[in-house]
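Structure, as structure tokens:
The values are calculated or read from the model by the stated rules, or taken from the named source; none is laboratory data. Model, not experiment: these values are computed from the prediction. Here the Cβ positions follow ideal geometry from the backbone for every residue, glycine too, while neighbour counts run over all protein chains shown. Side chains are part of the model used for accessible areas, which takes the heavy atoms of the whole protein and leaves out ligands, DNA and RNA. Shrake-Rupley method; radii C 1.70, N 1.55, O 1.52, S 1.80 Å.
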Protein chains: 2
Amino acid sequence: MSDRIWKEKIIDIVGRENFQDSNESRFVYSYDATPNFQSLPDAVVCPRNTEEVSQIVRVCNEYLVPIVPRGSGTNLCAGTCPTKGGIVLLFSNMRSILEVDEENLTVTVQPGLITFDMIEEVEKRGLFYPPDPSSMKISTIGGNLMENSGGLRGLKYGVTRDYVLGLEVVLPNGAIIRTGGKLAKDVAGYDLTRLLVGSEGTLGIITEAILKLIPVPETTRTILAVYENIEDAANTVSKIIASRIIPSTLEFLDRSTIDVVEQFAKVGLPTDAEAILLIEQDGPLEVVKKDIDRIRELCIQMNAIRVDIAKSEEEAEGLRLARRSALSALARLKPTTILEDATVPRSEIAKMVRAINRIAKKYNVQICTFGHAGDGNLHPTCLTDARNQEELERVEKAFEEIFIEAINLGGTITGEHGVGEMKSPYLGLKLGETGINAMLSIKMAFDPNNIMNPGKMFAKDEKKRVTV
Amino acid sequence: MSDRIWKEKIIDIVGRENFQDSNESRFVYSYDATPNFQSLPDAVVCPRNTEEVSQIVRVCNEYLVPIVPRGSGTNLCAGTCPTKGGIVLLFSNMRSILEVDEENLTVTVQPGLITFDMIEEVEKRGLFYPPDPSSMKISTIGGNLMENSGGLRGLKYGVTRDYVLGLEVVLPNGAIIRTGGKLAKDVAGYDLTRLLVGSEGTLGIITEAILKLIPVPETTRTILAVYENIEDAANTVSKIIASRIIPSTLEFLDRSTIDVVEQFAKVGLPTDAEAILLIEQDGPLEVVKKDIDRIRELCIQMNAIRVDIAKSEEEAEGLRLARRSALSALARLKPTTILEDATVPRSEIAKMVRAINRIAKKYNVQICTFGHAGDGNLHPTCLTDARNQEELERVEKAFEEIFIEAINLGGTITGEHGVGEMKSPYLGLKLGETGINAMLSIKMAFDPNNIMNPGKMFAKDEKKRVTV
């Protein structure tokens with residue numbers, strides 16, 4: 001009964017054409033890109049502007065209806081699964097570039113905008129937005145902000161957080177606040193901008209963002225280095241950075257990933273190698289040339305058996321595409337693909353890769369590893385079948401051990417994918433009880449009724465990460 | 001009476017030699033670099049380690065004793081004035097570099113370390129810590145973290161916040177938490193690291209920090225551009241950025257500041273000019289040369305009457321020193337120097353400088369303006385005499401009008417100096433009631449007894465900024 005009341009109130013706000021609660025539409029938004037998490041929302045709502053978002057939040061607060069803000073659902077932490085039902089909020093009516101300011105080097109956007117569309121638009125004007133999550137052709141800026149998305153260029157350029165200058169946010173009480181501005185510096189009070197970025201929809205709803213742009217790098221060069229030995233590849237990563245070179249991209253693929261990606265993308269990856277590094281440098285031509293020569297030397301010094309410099313932009317783009325398609329390629333092999341995100345100090349990646357292989361063997365599960373080696377951000381990816389309960393339990397145990405190993409090496413349970421529902425049981429490994437309590441106190445201060453994306457980030461009792 | 005009890009408990013923790021409550025020592029720590037704010041603490045305490053800090057916080061929570069963490073007191077917002085008494089916490093026993101990690105490019109430090117000492121140490125190893133507040137030879141890292149200090153290199157390199165990878169923090173309840181790590185990426189929960197940085201001692205006490213380093217730029221070149229007209233100087237700033245060049249430093253000095261600085265520093269500044277820009281670029285030699293040539297052209301194009309490229313590092317250092325000594329030089333002229341920090345989008349600096357001059361004239365007060373033009377971060381500095389109550393009232397009104405103007409231009413009340421006690425009455429101008437409420441809810445969640453640096457950031461009733 002009460003369902004009908006709040007639904008009618010929301011329809012009054014957004015109009016019937018922006019409200020759906022058919023079984024079909026509820027089903028479509030009952031899951032995201034994360035395998036094995038599913039839960040039906042009560043409705044799907046598309047507000048047309050910030051004021052409507054605020055009104056919706058007020059209604060949801062009154063009727064205690066959960067709100068799950070959602071971009072394109074490409075996240076890998078069950079961050080947008082409607083765990084507790086409620087409404088899924090879509091931003092299909094709020095996806096404009098509001099302004100490109102070429103004097104202040106900023107772009108002002110609405111949350112529903114596709115990341116890649118924005119990148120293309122600013123690059124036309126010689127401007128550059130560095131964060132490049134692999135999903136950027138599908139993902140939205142709003143989703144990237146909520147998850148503080150990373151990408152391949154994080155090593156040199158940082159992540160989404162580092163490019164957010166200001167936000168418009170609807171808080172869980174319906175209040176609309178504006179943080180920051182087109183400002184290189186602003187210390188007026190606490191850094192709410194960065195508190196909201198990466199808050200996974202649990203503290204508020206971002207309705208507008210001012211993003212920082214930088215000049216497009218003059219040129220880019222791409223190297224492929226091939227190794228017979230994982231350690232050598234990992235040591236090359238440390239060696240490059242310790243030589244005071246910060247490449248724009250420094251990606252690692254292990255043997256099983258290489259095989260699968262090559263079958264999928266056919267760009268000529270060496271399928272007999274144990275590991276490859278995909279390295280890029282960008283910047284002024286003279287500098288890039290010098291850096292690439294030096295990187296090449298260092299790769300050879302660290303026993304690379306082959307070092308190829310891409311001869312054309314097409315060849316480079318092929319290599320990049322191959323790396324970006326790793327998840328899609330792996331996903332073809334088995335019914336269920338679980339991609340993880342353990343991250344360690346970059347000096348520890350050799351140890352971490354070794355540990356992953358040891359753990360996979362111990363639990364007899366198939367794990368392929370690739371990732372942003374320069375950031376210490378690895379994506380061990382398990383190919384499994386969610387219908388095989390016994391195997392899933394082994395997968396579960398293997399990942400728990402991988403997380404513990406990452407923490408022991410000074411790392412974290414998630415470098416760029418977020419906690420969501422999936423990794424919430426493990427958050428305590430990184431933060432301890434005192435750290436979680438500090439975060440929970442912020443959550444409760446902002447959202448006492450726990451209407452904003454409930455069931456995310458903070459742990460449930462059981463440590464089941466994969467549920468069928 | 002109860003004073004004696006908590007004092008004895010704190011002496012038990014830190015030892016008598018690390019506790020002072022003589023009138024002399026209380027007087028010494030009753031004020032900071034901000035004119036006209038003074039209040040006596042009850043005691044001055046020097047903990048020896050994190051555990052002692054935690055124990056002190058627990059005692060203070062029990063007896064409701066305010067805690068004011070203090071670096072070297074160089075802040076300009078009355079951020080470390082013991083407004084409500086209590087204890088001043090000094091970190092003279094916690095000032096070590098704990099580790100320089102050349103593989104992960106990090107430095108781990110204690111809060112009492114002098115910023116410049118750390119910079120010197122890492123530069124010996126070819127590493128670079130970009131944040132360079134003008135006070136860096138005196139200021140501590142702990143103070144820089146609490147205030148999220150900026151500096152001259154902020155335009156290209158960002159501010160303190162952008163170089164903090166992890167913190168150890170004692171929360172107001174005495175709990176010790178660790179955030180982040182030697183990690184390029186970490187999205188395990190809310191960004192407590194950046195919430196704590198810039199929190200001005202109101203949310204917790206930083207006891208250790210892992211800072212990010214980058215390779216030292218190969219070379220630096222310095223330009224001095226001289227203008228007959230403030231607008232031309234301001235337009236040059238926009239023109240350089242719009243030409244897709246991001247200099248490492250882009251400083252502005254107006255006529256009155258130039259005069260005073262030249263008398264003080266004697267580096268040959270042109271005292272007949274209306275404005276000068278001090279511009280630096282760093283990086284690989286070829287790139288710096290190209291950028292500097294282009295910047296020179298742009299300055300001339302924007303009507304600079306003279307453009308000098310520093311011929312030697314000594315000459316460049318002289319110019320830098322001149323800029324850094326602006327506050328000291330101005331402070332010699334009148335008994336009271338009030339340096340402000342209004343910040344606008346860089347496209348608006350011409351308008352802002354014009355507004356400052358108009359407002360100074362309107363209220364018949366003497367304001368010299370200099371600052372980080374590339375960041376839109378201006379430091380209008382009023383030379384006055386705190387004993388002249390009538391003049392002070394005019395100063396007060398002038399600054400209020402300057403803040404309102406900055407906000408109207410899309411700016412903020414403070415770019416890098418913080419809110420503290422001094423600017424707390426104006427925070428609402430930037431944030432509105434809803435923004436302040438959001439921040440207050442975090443403050444209350446972390447520190448329900450309001451023991452951490454009370455009387456800072458959040459407004460009192462009256463709007464008196466200057467109190468004698």
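Do you know which residues across the range A:173-198 are assigned to a loop (DSSP other than H, G, I, E, B) and among the polar types (S, T, N, Q)?
A:ASN173
Would you point out the residue of the range B:199-238, among those that are in a strand (DSSP E or B) and of a type in the set (S, T, N, Q), that is nearest to B:SER72 (Cα to Cα)? Show your work before the answer.
Initial filter on the range B:199-238 (in a strand (DSSP E or B)): B:205-212, B:214-215, B:219-227.
With the extra rule that they be of a type in the set (S, T, N, Q), the set shrinks to B:207, B:219-220, B:222.
Details: B:THR207: 15, B:THR219: 31, B:THR220: 29, B:THR222: 30 Å.
This residue is B:THR207.
Using the structure shown, decide if B:GLU416 is within 9 Å of chain A (Cβ to nearest Cβ) and charged (D, E, K, R).
So B:GLU416 fits the description; yes.
Please tell me if B:SER139 is away from chain A (no Cβ under 14 Å), within 28 Å of B:HIS372 (Cβ to Cβ) and at pLDDT below 95. Walk me through how you get there before you give the answer.
On the way: away from chain A (no Cβ under 14 Å): yes; within 28 Å of B:HIS372 (Cβ to Cβ): yes; at pLDDT below 95: no.
Against the criterion (away from chain A (no Cβ under 14 Å), within 28 Å of B:HIS372 (Cβ to Cβ) and at pLDDT below 95), B:SER139 does not qualify.
Being closer than 24 Å to A:ILE214 by Cα, open to solvent by less than 10 Å² (accessible area, probe 1.4 Å) and of a type in the set (Gly, Ala, Ser): is that true of B:ALA233 here?
So B:ALA233 fits the description; yes.
Checking B:GLY73 against (1) crowded, with 21+ Cβ neighbours inside 10 Å; (2) at negative phi; (3) in contact (Cβ under 8 Å) with a residue 40 or more places away in the chain; (4) in a loop (DSSP other than H, G, I, E, B): exactly one of these is not met. Which one?
In the conditions (1) crowded, with 21+ Cβ neighbours inside 10 Å; (2) at negative phi; (3) in contact (Cβ under 8 Å) with a residue 40 or more places away in the chain; (4) in a loop (DSSP other than H, G, I, E, B), B:GLY73 misses (2) alone.
For the range A:113-122, give me each residue that is open to solvent by 10 Å² or more (accessible area, probe 1.4 Å) and either within 20 Å of A:ASN49 (Cα to Cα) or part of a strand (DSSP E or B) (or both).
Correct list: A:LEU113, A:ILE114.
Check B:ALA265, B:ALA304, B:ALA275, B:ALA331 and return the single one that is in contact (Cβ under 8 Å) with a residue 40 or more places away in the chain and farther than 16 Å from B:TYR227 by Cβ.
B:ALA265
Check off (1) over 22 Å from B:LEU155 (Cβ atoms); (2) open to solvent by 30 Å² or more (accessible area, probe 1.4 Å) for B:LYS351 and give me the number that stays unchecked.
Answer for B:LYS351: the failing condition is (1).
If a residue must be at the interface with chain B (Cβ under 8 Å from one of its Cβ atoms), touching a strand residue (DSSP E or B) at 6+ places or on another chain (Cβ under 7 Å) and closer than 22 Å to A:LEU427 by Cβ, how many such residues does the range A:173-203 contain?
Qualifying residue count for the region: 3.
Residues of the range B:393-435 being assigned to a helix (DSSP H, G or I), among the aliphatic types (A, V, I, L, M) and open to solvent by less than 30 Å² (accessible area, probe 1.4 Å), which ones? Break it down into steps so the answer makes sense when it comes.
Kept after step one, since they are assigned to a helix (DSSP H, G or I), are these residues of the range B:393-435: B:393-408, B:424-435.
Among the residues that remain, those that are also among the aliphatic types (A, V, I, L, M) are: B:395, B:398, B:402, B:404, B:406-407, B:427, B:429, B:431.
The answer is B:VAL395, B:ALA398, B:ILE402, B:ALA406, B:LEU427, B:LEU431.
Residue by residue through the range B:239-271, note down the ones that are open to solvent by less than 10 Å² (accessible area, probe 1.4 Å), touching a helix residue (DSSP H, G or I) at 6+ places or on another chain (Cβ under 6 Å), within 14 Å of another protein chain (Cβ to nearest Cβ) and in a helix (DSSP H, G or I).
B:ILE240
Which condition breaks for A:ASN364 when tested against (1) open to solvent by less than 10 Å² (accessible area, probe 1.4 Å); (2) assigned to a loop (DSSP other than H, G, I, E, B)?
Every condition holds for A:ASN364 apart from (1).
For B:GLU52, all conditions in the list (1) among the acidic types (Asp, Glu); (2) open to solvent by 40 Å² or more (accessible area, probe 1.4 Å); (3) farther than 30 Å from A:SER238 by Cβ hold save one; what is the number of the exception?
(2)
So, in the range A:303-319, of the ones that are assigned to a loop (DSSP other than H, G, I, E, B) and open to solvent by 50 Å² or more (accessible area, probe 1.4 Å), which residue ends up farthest from A:VAL237 (Cα to Cα)?
A:LYS311
Quick check on B:PRO82: is it modelled with pLDDT of 95 or more and either open to solvent by 20 Å² or more (accessible area, probe 1.4 Å) or not assigned by TED's automatic domain parsing to the domain that holds B:ILE338 (or both)?
yes
So which residues in the range A:123-143 are assigned to a helix (DSSP H, G or I) and open to solvent by 60 Å² or more (accessible area, probe 1.4 Å)?
A:GLU123
Among the residues of the range A:320-337, is any within 14 Å of another protein chain (Cβ to nearest Cβ), in contact with a Leu (Cβ under 8 Å, 6 or more places away or on another chain) and open to solvent by 40 Å² or more (accessible area, probe 1.4 Å)? I'd like the intermediate steps shown before the answer.
Taking the range A:320-337 as the starting set, the residues that turn out to be within 14 Å of another protein chain (Cβ to nearest Cβ) are none.
No, that holds for no residue.
Going through B:GLY158, B:GLY180 one at a time, which residue ends up being closer than 30 Å to B:ARG323 by Cα and open to solvent by 10 Å² or more (accessible area, probe 1.4 Å)? Give the derivation first.
Details: B:GLY180 fails: closer than 30 Å to B:ARG323 by Cα.
So the residue among B:GLY158, B:GLY180 that is closer than 30 Å to B:ARG323 by Cα and open to solvent by 10 Å² or more (accessible area, probe 1.4 Å) is B:GLY158.
Conditions: (1) of a type outside the set (S, T, N, Q); (2) under 24 Å from the mean Cα position of the chain (by Cα); (3) open to solvent by 10 Å² or more (accessible area, probe 1.4 Å); (4) more than 7 Å from every other protein chain (Cβ to nearest Cβ). B:ILE206 meets all but one. Number of the miss?
(3)
Pick out the one residue from B:VAL45, B:VAL59 that is touching a strand residue (DSSP E or B) at 6+ places or on another chain (Cβ under 6 Å), buried (at least 19 other Cβ atoms within 10 Å of the Cβ) and touching a residue at least 12 places away in the same chain (Cβ under 8 Å).
Step by step, each of B:VAL45, B:VAL59 is checked, and only B:VAL45 is touching a strand residue (DSSP E or B) at 6+ places or on another chain (Cβ under 6 Å), buried (at least 19 other Cβ atoms within 10 Å of the Cβ) and touching a residue at least 12 places away in the same chain (Cβ under 8 Å).
On the basis of being open to solvent by less than 20 Å² (accessible area, probe 1.4 Å) and within 14 Å of another protein chain (Cβ to nearest Cβ), does A:PRO217 make the cut?
When the stated conditions are applied, A:PRO217 does not pass them.
Find all pairs meeting these conditions: Cβ atoms under 9 angstrom apart; at least six residues apart or on different chains; first residue within the range A:420-445 and within 7 Å of chain B (Cβ to nearest Cβ) and among the charged types (D, E, K, R); second residue buried (at least 21 other Cβ atoms within 10 Å of the Cβ) and in a helix (DSSP H, G or I).
Hits for this filter: A:LYS430/A:PHE403; A:LYS430/A:ALA406.
How many residues does the range A:149-172 contain that are without any contact (Cβ under 8 Å) to a residue 60 or more places away in the chain, assigned to a helix (DSSP H, G or I) and more than 10 Å from chain B (Cβ to nearest Cβ)?
The number of residues fulfilling the criteria is 1.
Test A:GLY371 against the stated conditions and say whether it is touching a His at 6+ places or on another chain (Cβ under 6 Å), among the small types (Gly, Ala, Ser) and within 14 Å of another protein chain (Cβ to nearest Cβ).
yes
Please verify whether the range B:346-359 includes one or more residues that are in contact with a Pro (Cβ under 7 Å, 6 or more places away or on another chain), more than 21 Å from B:GLY420 (Cβ to Cβ) and part of a helix (DSSP H, G or I).
Among the residues of the range B:346-359, at least one is in contact with a Pro (Cβ under 7 Å, 6 or more places away or on another chain), more than 21 Å from B:GLY420 (Cβ to Cβ) and part of a helix (DSSP H, G or I), which makes the answer yes.
Hey, among the residues in the range B:183-195 that are of a type in the set (D, E, K, R) and open to solvent by 10 Å² or more (accessible area, probe 1.4 Å), which one's nearest to A:PRO131 (Cα to Cα)? Even if it seems obvious, please write down each step before you answer.
Let us first name the residues in the range B:183-195 that are of a type in the set (D, E, K, R), namely B:185-186, B:191, B:194.
With the extra rule that they be open to solvent by 10 Å² or more (accessible area, probe 1.4 Å), the set shrinks to B:186, B:191, B:194.
On the way: B:ASP186: 15, B:ASP191: 18, B:ARG194: 19 Å.
For the range B:183-195, the residue satisfying everything is B:ASP186.
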